[in-house]
Amino acid sequence: MHINGACHCGRITFAAEIDPSRVMVCHCTDCQVLSGAPFRAVVAVPIGKFNLQGTPKSYVKVAQSGNRRAQVFCPDCGTPLYATAPQNPTSVIVRLGCVEQRAQLKPSVQIWQHSALPWLAELSTLPGSAGQQSFLPAPPE
């Protein structure tokens, strides 16, 4: 499947050919912190099927295992774009938040579930609205 995406400000763009069955949700604490969200949805792309336009910045994260991963983002707006090996990469792990076709990319697996936030299963039971609500629940008294 062909995908394309961009950072929030549009300075960095990319296109890729992916296998949609490789979409996953990661609940690891690194993904939670680095995305600012309770989990991150991603897809693996072979390096030869990934085309990047623009000059991103990267931050090399060293995992508990000692593995090093470059976390790549836009230097202007800070949008997380992908992660990869810092040297001689064979693939990139694209962040679905910046992919135009993200609604079509249903995850097929979840990883690091022991770090998943316990309230995620309850989201479908919470009230919501199609747009931004103009109010928040009243604070407890």
Residue 29 to residue 1: extension gain in nm, 0.36 nm per residue of separation minus the Cα-Cα distance? 7.1 nm
Fewest Cβ neighbours within 10 Å first, please rank 117, 81, 105 accordingly. 117, 105, 81
Which ordering of 72, 42, 60 is given by a fewest-first count of other beta-carbon atoms within 10 Å? 60, 72, 42
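For residue 130 and residue 100, calculate 0.36 nm times their separation in residues minus their Cα-Cα distance, and state this gained length in nm to one decimal. Mind dumping the intermediate values first?
Working: separation 30, 0.36 × 30 = 10.80 nm, distance 1.97 nm.
Contour length minus Cα-Cα distance gives 8.8 nm.
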Cα centroid distance between segment 85-118 and segment 1-64, in Å? 6
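Values quoted throughout were computed directly from the atomic coordinates according to the rules given, and no laboratory measurement underlies them. The structure presented is a predicted model; accordingly, all values stated were derived computationally and were not measured. Note: ideal-geometry Cβ built from the backbone for every residue, glycine included; neighbour counts use all protein chains shown.
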